[in-house]
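First up is the structure itself, then whatever we jot down about it.
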Amino acid sequence: MFAFALGNAALARCSRSAIRAAARLLVPGLAAAALCCLSGTSWARTLEEIRHDGGTILLATEGKFPPFNVFKGAKLTGFEVELAALVVSRMGLKYEWKAIDFNGLLTGLQQNRWDLVIASHGITEQRARAVTFADPHYCSGGVIVAIDPAINAAHDLAGKVVGVQTGTTYLENARKITGLKEIKNFPQDTDARSALLTGRVDAWITDRFTALEVIKMTPDAGLRIGEFLFVDRLAAAVAKGNSTLVQAWNQALAQAMQDGSYAALSQKYFGQDVRCQ
Ligand code: ARG
């Protein structure tokens, strides 16, 4: 009974390819499941499986993080959305998008719910234990944004309320600042922005390019960008150990970086080349 339950759980975590291969070899499902379980791996579809299944990769993002992934009406767009289209076409694949809450994106990889996530995830040690990161597709960093001209640097935040999106490197780095009165968590980065605009928080920690975009869009709001708090290297992610997929993505990304298409897209969104130097 216990072995059966364990087998089922392992099957749920194992890749479709392992299950398919087991079926092909007539290996009993339980044995295949036990193998997957012992190896400790869990991954979404490999490149071969995606090709075998018709060549459409399932990409996931948030869609609420301008200018990287954002809905304009019903249309999902943004730097990362357009970049993913460039990269995937160079991989010889078609794509479909899923847009879900930021917090569930990496977990969904472990549950085989999509093949690849691209949503401005900074490469961190903790995340890298759970997923496999691709090469970074841009470099940026967390900045302090405030309306009060007295708030510029981290030490100006003593006794202040700071707004950040839950589950982000902004939260992680806000926790390192000493003397804050409170950190307010918001499900979306745009909620943290609204909280600043309506005076519910004194400062917002977000991406530098997100802040620049907001200032461009709402020049009268009086938002000011303060200190650059930390460097973020932003990368797509696949399920842990899905090496064929991540290698193909990296190769196609490198190609887009060489053939001028990445540079053109980066110019369009940022007026500069945002690749990591
Ligand atoms: N770069 C930050 C991080 O790694 C924030 C990413 C937020 N992304 C988003 N789609 N809301 O956590």
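Brief remarks on what is shown
- Those residues of segment 143-172 which are under 17 Å from the mean Cα position of the chain (by Cα) and of a type outside the set (Val, Ile, Thr), in sequence order: Gln165, Gly167, Tyr170, Leu171, Glu172
- Selection count where residues are small (Gly, Ala, Ser) and under 19 Å from Trp249 (Cβ atoms), scope segment 65-80: 1
- Summed over segment 148-193, the residues that are part of a loop (DSSP other than H, G, I, E, B) and touching a helix residue (DSSP H, G or I) at 6+ places or on another chain (Cβ under 8 Å) give a count of 10.
- Long-range neighbours under 7 Å by Cβ, at least six apart or interchain, first residue on the phi > 0 side of the Ramachandran plot within segment 150-172, second away from the ligand (no atom under 16 Å from the Cβ) and small (Gly, Ala, Ser): Gly159/Gly179
- Selection count where residues are surrounded by fewer than 22 Cβ atoms within 10 Å (Cβ to Cβ) and farther than 18 Å from Ile205 by Cβ, scope segment 135-148: 2
- Ala264 passes every criterion in (1) in contact (Cβ under 8 Å) with a residue 40 or more places away in the chain; (2) outside any loop (DSSP other than H, G, I, E, B) apart from (1).
- Meets criteria (charged (D, E, K, R), away from the ligand (no atom under 11 Å from the Cβ) and in contact with a Cys (Cβ under 9 Å, 6 or more places away or on another chain)) for Asp232: no
- Checked against the criterion of being in contact with a Gly (Cβ under 6 Å, 6 or more places away or on another chain), within 27 Å of Ile225 (Cβ to Cβ) and within 14 Å of the ligand (Cβ to nearest atom), segment 121-143 contains not a single residue that satisfies it.
- Pairs, first closer than 16 Å to Ile144 by Cβ in segment 205-223, second part of a helix (DSSP H, G or I) and small (Gly, Ala, Ser), C-beta under 6 Å, six or more apart: Ile205/Ala174
- Test: Val238 is in a helix (DSSP H, G or I) and surrounded by 19 or more Cβ atoms within 10 Å (Cβ to Cβ): no
- Among (1) more than 16 Å from the ligand (Cβ to nearest atom); (2) at pLDDT 95 or above; (3) aliphatic (A, V, I, L, M); (4) not in a helix (DSSP H, G or I) - the single one Ala44 does not satisfy: (2)
- Among residues of segment 132-147 that are touching a residue at least 40 places away in the same chain (Cβ under 8 Å) and part of a strand (DSSP E or B), those with a beta-carbon under 7 Å from a residue that is of a type in the set (Phe, Trp, Tyr) and away from the ligand (no atom under 11 Å from the Cβ) at least six positions away or on a different chain give the pairs Ala134/Trp249; Gly141/Phe228; Val143/Phe228; Val145/Trp204.
The values are calculated or read from the model by the stated rules, or taken from the named source; none is laboratory data. Because the structure is a prediction, the values reported are computed rather than measured. Reconstructed Cβ throughout: ideal geometry from the backbone, glycine too, with neighbour counts over all protein chains shown.
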